[in-house]
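Here the structure comes first, spelled out in structure tokens, and everything after it is commentary.
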Amino acid sequence: MGRTYIVEETVGQYLSNINLQGKAFVSGLLIGQCSSQKDYVILATRTPPKEEQSENLKHPKAKLDNLDEEWAAEHAYQVSRMLPGGLLVLGVFIITTLELANDFQNALRRLMFAVGKSINRKRLWNFTEEEVSERVTLHICASTKKIFCRSYDIRDPKSSARPADWKYQNGLSSSWLSLECTVHINIHIPLSATVSYSLEKNTKNGLTRWAKQIENGVYLINGQVKDEDCDLLEGQKKSSRGNTQATGHSFDVRVLTQLLLNSDHRSTATVQICSGSVNLKGAVKCRAYIHNSKPKVKEAVQAVKRDIMNTVADRCEILFEDLLLNEIPEKKDSEKEFHILPRRVFVPLPGSTVMLCDYKFDDESAEEIRDHFMEMLDHTIQIEDVEIAEEINTVCVSSSVNSQTSLDNTDDEQPKQPIKTTILLKIQQNIGVIAAFTVAVLAAGISFHYFSD
């Protein structure tokens, strides 16, 4: 028996409305959530055409072998940044002409594995052994409307296609559960003077160490520590029919990280000769969504953990991309620089309690966010629905720095103005040793080791 995919009816309407417009095929992504019993698909989005592809619509390529896997995989990676905790790219779809109806399986397989590899290449976490590793491929013949649904195990490069059920359900995403938390962070990343790594790689290594704290943290749901195998909705009010009332239900999550090592571990300070350091300070707004069909505490906590790690890592990467794109020069007269990482914004998915996200630099307009949603997700949003999750305050720039940095030192000097809702990623460096870059992220928080709203 293959996996079952429960699909929001609006996804079926979206797929049926896609017009090939003279092209041999159109491909795209399927977005949703995995569970042990079945998977839920709540959104589909076509892959935007390349400019040269748009110009050559009169001469479409005749074979699926010519599918641009690299372009589709990059689209999937960009879309994965726009998904809150609990949601992921579940698979791919292809709509073809009748002539290509029997020539899709190999193309879909290659596309599925390319997408999976692209999405996971820079994540701070790994899938667990017990997690579902099957991903769906959907082929639709534009002429006959016939559907072929298969799944592949993305952990096995030699995996063969397995049959899967594709079932539509109205209002699937109208009553999902949301989990929200604000996480205060203070990450100190030394830049070694003896090992030549790029600034981006150094930051990634530092974030990987920090991610272990997030993985090993204790998560309070509505102020309580719950057994991971318990039902998330256990103890919630029942309706007159005996069902748990979960429509639009939101949970408050707080994160506790380990303050001290166990008594049998010796605590030692490590000193490293450094050319500089990166400091990431502030607070992030995190959200995760989970289906309301008997969800477990373990599933909810895992979704929150991954959203925390994803949103910090994604914003750092977006900033690095922006610095490279705009070729921001080194400031010769300063040993410290401060950059504000993009703020997180949320946008509701029409007809759903689920919200998608994006990242906005301070000089970007709401119209640009709207256009980005249209380009990446092929869905129109209303500007008034854009919710900016974090505010930005002014950050001052200082110019003093030491040539040695303790790995355990998190007591870096604070900006003179208080940062209430800003994440500051600060890079300290010696003049002439490394190009002076710096980074910043988002909001405001509570204590260093006790994170909460």
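Work out the FRET efficiency for V271 and E368 from their Cβ-Cβ distance, taking R0 = 35 Å, and round it to the nearest 0.05.
Details: r = 45 Å, r/R0 = 1.29.
Efficiency, from the Cβ-Cβ distance: 0.20.
How high is the FRET efficiency from D322 to V132, r the C-beta distance, R0 45 Å, rounded to 0.05?
Values: r = 35 Å, r/R0 = 0.78.
The calculated FRET efficiency here is 0.80.
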Inter-label distance, nm, simple model (7 Å from Cα along the C-beta direction), L20/N216: 5.6 nm
Farthest toward the dipole's positive end in segment 114-199, which of Y168, L138, S198, given Cβ charges of +1 (Lys, Arg) and -1 (Asp, Glu) about the Cα centre? L138
Using the Karplus equation 6.51 cos²θ - 1.76 cosθ + 1.60 (θ = phi - 60°), what ³J(HN,Hα) coupling, rounded to whole Hz, does each residue of segment 345-361 give in order, writing x for Gly and Pro? 10, 10, 9, x, 7, x, x, 9, 8, 7, 10, 9, 9, 7, 10, 10, 6
Listed by chain and number, the residues whose amide H is under 5 Å from that of D165, excluding neighbours fewer than 5 places away on the same chain and using placed H, are R3, T4, Y5
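So if I place +1 on the C-beta of Lys and Arg and -1 on the C-beta of Asp and Glu, and nothing else carries charge, what would the dipole magnitude of segment 163-232 be about its Cα centre? I want it in debye, nearest 20. Working shown, then result.
Working: 6 positive and 8 negative charges, 90 e Å.
The dipole magnitude comes to about 440 debye.
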For each pair in K145/K360; K167/K212; K117/K201; K204/K298, compute the distance between the two Cα atoms and list the pairs where it is over 30 Å. K145/K360; K167/K212
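Laboratory data are not the source of any read-out in this text; all were calculated from the coordinates shown. Keep in mind the model is a prediction, meaning the values are calculated, not measured. Quick reminder, even Gly has a Cβ in these numbers, built from the backbone with ideal geometry, and neighbours come from all protein chains shown.
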